[in-house]
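Report on the structure given below.
Please treat every number below as a calculation from the coordinates, not as lab data. Being a predicted model, the structure only gives us computed values, none of them experimental. Methodologically, a virtual Cβ is constructed for each residue, glycine included, from the backbone with ideal geometry; neighbour enumeration extends over all protein chains shown.
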Amino acid sequence: MYNASDLRKNLRIMLDDEPYIVVDFQFVKPGKGQSLYRCRLRNMLSGNQMDRTFREVDTFQPADTQEKNMQYLYREGDAFHFMDNESFEQIALTGEQIGEAKNFLIENMECKVLLFRDRPIDITLPNFVDVIVTEAPPWIKGDTVSGNYKPVIVETGYKVSVPPFIEQGQKIRIDTRTGEYLTRVKE
Amino acid sequence: MSADRKLEARRRALETRADILHATRAFFLSRDYLEVETPCRIPAPLPESHIDAVPSGTWWLQPSPELCMKRMLAAGFRRIFQVSKCWRGGERGTRHLPEFTLLEWYRAGCDYRGLMPECEELFQYVSEALGIGSRMRFQGRAIDLATPWERLTVDQAFERYASVSLKRALKEDRFEEILALEIEPRLGDPTPTLLHDYPLAFGSLARRSRTHPELAERFEIYIGGLELANGFSELTDAEEQRRRFERENEIRASRGRPSWPMPGKFLEAIPRMPESAGIALGVDRMVMLFADAASIDDVVAFAPEEL
């Protein structure tokens, strides 16, 4: 069980029998008064956000969720299929549930799938993924006018800015949390 | 950002902080106040329902220096001020640090209303010393420190800004919630607000109003939505003080917090206390105001997470 003083960003709690994640958090305390905990919460099922203020006497159950290691298999329309590494059971998430992560999903990739009472609701990618550049404008030596970075497209269809020396067919590393280019990967 | 760069980014705010401390001392010394230092580590903190003192061995780190300073008042020190470090467990946010700096001053022969003009003058003095003048900006809001500041009773503030009346908020135990979320953000803009006359239950160490016995003679300073200071006419009735402390301890117990030993020597000194008023001002918040800082972290060299 959590107390209000445990509230912080990214904490997952149950409210009205649904799982919520704290996306924004503010500690408020009027002069000598009781502490108040202002939270913006996202419903992990519907994605809807709401603001709630809790008091120091409020308590919560942790969100009834569990994470499982799974392998991404393939995409079929809007369904993204994964396989449980232990039970070999297959599940699917929708594009909406996957969100931004679809920019970095590569077949056979290991990721963590979040389940709410055995129902998949979200995924967490590894922090870094290596992807192949499929489309890149050629590197014009001495081109200083266009600035330091140029846009390229990687195998997942994601568009990212990279240094000018990156060429088509090369592998690059992307930070999935920021969506930014990190380095060229030499094989 | 590296730790060094973070500190470097705070250089201006830290310079403002030093200037504010310097000007504050000059202000009080010019008014015949004696600067005092009382121990930070004390055997019995003030029993307050919503403040958690931090244990230090079998004693505690002071949540405020008021008990010792009031004993000095009782002993005949008529004008004293102190800048000291204070600790309050579990208080952490953009306006709270568990270790912070408090300015407290006490004056004999004065009540809470008598302190109000002194607060106005302190802020003007500091702002002049910083070369700012009376007009300034705080977090996008235009502030004008020119006197007189707005004087608003808690009752009026509820009427003007809150979705429910003071009476109803008290009945539903939502006083602090409404005050903090609906009223405070709108106070002190553009003229600072002196919010005064709190319901008696919200002024544990304040004197009961002689004309309105349901009220405590307490006030707070708000500038640009920022709460800066809490002052009151001192309660000089030892029996009533003991009863209020016991009540605070009961509230603490009902919320699963340990009750604290009674501050015996303070209670003994109360009958000798002259009619007086005292106030505690958050120095870090004052620096936030003059440095136009969004977070209290920006006005200290190190936040606890950075140690």
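Here the contact order of the range B:3-306, divided by its residue count and restricted to Cα pairs under 8 Å and six or more residues apart, works out to 23 percent. Of all DSSP bridge pairs formed entirely within the range B:3-306, close to 90 percent run antiparallel. Simple spin-label estimate for B:Phe302 and A:Met109 gives 4.0 nm between the two label positions (7 Å along the Cα-to-Cβ direction from each Cα). If I take R0 = 45 Å and measure r between the Cβ atoms of A:Glu86 and B:Arg243 in this structure, what FRET efficiency does the formula 1/(1 + (r/R0)^6) give, to the nearest 0.05? The calculated FRET efficiency here is 0.10.
Roughly how big is the protein assembly as shown's charge dipole about its Cα centre, with Cβ charges of +1 (Lys, Arg) and -1 (Asp, Glu), in debye to the nearest 20?
1180
Under a Cβ-only charge scheme (Lys and Arg +1, Asp and Glu -1), can you give me the dipole magnitude of the range B:248-307 about the Cα centre, in debye to the nearest 20? Could the numbers behind the result be given before it?
Values: 6 positive and 10 negative charges, 96 e Å.
Here the range B:248-307 has a charge dipole of around 460 debye.
Roughly how many whole Å is it from the C-alpha centroid of the range B:24-91 to that of the range A:158-186? About 57 Å separates the Cα centre of the range B:24-91 from the one of the range A:158-186. The relative contact order of chain A comes to 14 percent, based on Cα pairs under 8 Å that sit 6 or more residues apart.
At a temperature of 4 °C and a viscosity of 1.567 mPa s, determine how fast the range B:3-306 diffuses translationally according to Stokes-Einstein, using the Kirkwood radius over alpha-carbon pairs as Rh; express D in µm²/s, rounded to the nearest whole number. Before the final figure, lay out the partial values.
Working: Rh = 20.0 Å.
It comes out at roughly 65 µm²/s.
Counting only lysines at least 8 places from A:Lys9 when in the same chain, those with an alpha carbon closer than 27 Å to its own are A:Lys29, A:Lys32, A:Lys68, A:Lys102, A:Lys112, B:Lys6. When the range B:3-306 is described by a simple charge dipole with +1 on each Lys and Arg Cβ and -1 on each Asp and Glu Cβ, the residue from B:Met273, B:Phe81, B:Ile51 located farthest towards its positive end is B:Met273.
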